[in-house]
Amino acid sequence: MTTLLDTREPVPAELDDSVELRSDTFTLPTPEMLEAAANAPLGDDVYGEDPTVIKLERLAANLLGKAAACLMPSGTMGNLAALLAHCRRGSKAIVGHESDLYVYEAGGASMCGGIVYDPLPNLPDGTISLEALEESLVVDRTDPQIAPPAVVSLETPQNRCGGIPLQLDYLAEVAQLTRAHGVALHLDGARIFNASVALGVMPAEIAFYADTVQVCLSKGLCAPIGSVLAGDRATIAQARRIRKMLGGGMRQAGMIAACGIVALSEMTGRLAEDHERAARLARGLSRIPGIRLDPGPPITNMVFFRVRDERYTTRSFITAAHRRGVRVEELGHGRIRAVTHANVTDVAIDRAVGVFADLLAPTGRPR
Ligand SMILES: Cc1ncc(COP(=O)(O)O)c(C=O)c1O
């Protein structure tokens, strides 16, 4: 019998067993997730009647120390729903210039909400300086010329700044500032569990400072689809309405939520392994002449590096590695990113290091 799978582009034989380091979004659902999805009690979630979605949302809200949570189809929609819930048309969302929300989410807040992005520089450690925040927050709200700020959005770990988690005392200072200026604090915690492992604190201790927090189930936690947005009841009720408006109201979404429950209850405990493998990869890379870690050794599951070798551009090096069965990607400013995750073993890491070393071996022509 022909199945859908049979109609996919065949994977070239030599790439069948590629080491996939482009992102932890490539993780596949675990057998437990597939079983949970197949057996999940279902209902219509737009009616609020899918018991598995309700269970996931309660679990997520508890883990994040918030009163309510809402299942979202993606992190992008979770972030967008949060910004639309916090901001009126013509108001300002203060964001990091390296944040996923600003760089990779298609300008959704402007497009859908008439919201002005106010991108402030992310410092190398992923923070935005308190002075810069204050400067953007202090406006004369009675001046009809001014777009008033409504939300500050931070990201942890800050992906394009090397996967660095924000420190709790920094979050506390920003929260103090946002409260003082009457604006909301949103946290893109797509990988908050990685931040929690790296900082040695509970996710709720991180989420505590934010009014809303978005957490992805579909990255290092291996669920195939989904994010949750958590916050107070009123804001989450508003975000639920916005989700419907954006086309994210899903019917028997319990099939997705069932995977999310496995993700939150069984997959967070293993993230330390990913961090150790990232460190293993970084150690291997730092021994290869022509590779420089940038910003330095990883703190979570992301390794960023530059290739300095006159035989390659960043792009041609990525292509050469791809031909040899190692997938990495450029992620801003000529740096290459390699992300460890549940489908990458120590053997795969060592193979990747071997391929990079071989490509940069002093033998003349690029391969
Ligand atoms: C930090 C961060 N936030 C948000 C997202 C968006 O998530 P999604 O791909 O589910 O829309 C990503 C995706 O990689 C991300 O890395």
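Coordinate-derived values only; no laboratory data. All values derive from a computational prediction rather than experimental measurement. Backbone-built Cβ (ideal geometry, glycine too); neighbour counts: all protein chains shown.
The eigenvalues of the Cα gyration tensor, multiplied by 5 and square-rooted, give the stretch 269-333 an equivalent ellipsoid with semi-axes of 22, 13, 11 Å from largest to smallest. The stretch 222-285 and the stretch 144-170 have Cα centres lying 20 Å from one another. Stretching the chain fully between residue 330 and residue 26 yields a gain of 107.8 nm (0.36 nm per residue, less the alpha carbon separation). Look at 142, 30 and count the other Cβ atoms within 10 Å of each Cβ; fewest to most, that gives 142, 30. Net charge of the neighbourhood of residue 26, taken over other residues with C-beta under 9 Å away and scored Lys/Arg +1, Asp/Glu -1, is 0.
Note on the chain: with charges restricted to the Cβ of Lys and Arg (+1) and Asp and Glu (-1), its dipole about the Cα centre is near 560 debye. With bins 10 Å wide beginning at 0, the percent of Cα pairs of the chain falling in each bin runs 5, 23, 30, 24, 13, 3, 0.
Sorted from fewest to most neighbouring beta carbons within 10 Å, what does the list 117, 209 look like?
117, 209
For the stretch 302-367, the set of GluC sites (Glu not before Pro) satisfying both a DSSP loop assignment and a count of at most 16 other C-beta atoms within 10 Å is given as 310. Between 282, 193, 83, the Cα set farthest toward the positive side of the dipole of the chain (charges on each charged residue's Cβ, about the Cα centre) is that of 282. Between residue 134 and residue 106, the distance separating the two model label sites (each 7 Å from Cα on the Cα→Cβ line) works out to 3.9 nm.
Approximating the spin labels as points 7 Å out from Cα along Cα→Cβ, the residue 363-to-residue 343 distance works out to 3.0 nm. Using a cutoff of 8 angstrom between alpha carbon atoms and counting only pairs six or more residues apart, the relative contact order for the stretch 31-266 works out to 32 percent. Centroid-to-centroid, using Cα positions, the stretch 94-112 and the stretch 36-60 are 30 Å apart.
Within the stretch 281-340, the trypsin sites (Lys or Arg not before Pro) that combine a DSSP coil assignment with at most 12 other C-beta atoms in a 10 angstrom radius are 287, 308. With a Cα cut-off of under 22 Å and a minimum spacing of 8 residues unless on different chains, the lysine pairs in the chain number 5. Ranking of 118, 346 by neighbouring Cβ atoms within 10 Å, starting from the fewest: 346, 118. Spacing of the modelled spin labels on residue 58 and residue 146, each 7 Å from Cα toward Cβ, amounts to 4.5 nm. Report the calculated FRET efficiency for residue 17 and residue 201 (r = Cβ-Cβ distance, R0 = 41 Å), to the nearest 0.05. In this case the efficiency is close to 0.65.
If you plug the beta carbon distance of residue 180 and residue 49 into 1/(1 + (r/R0)^6) with R0 = 45 Å, you get a FRET efficiency near 0.60.
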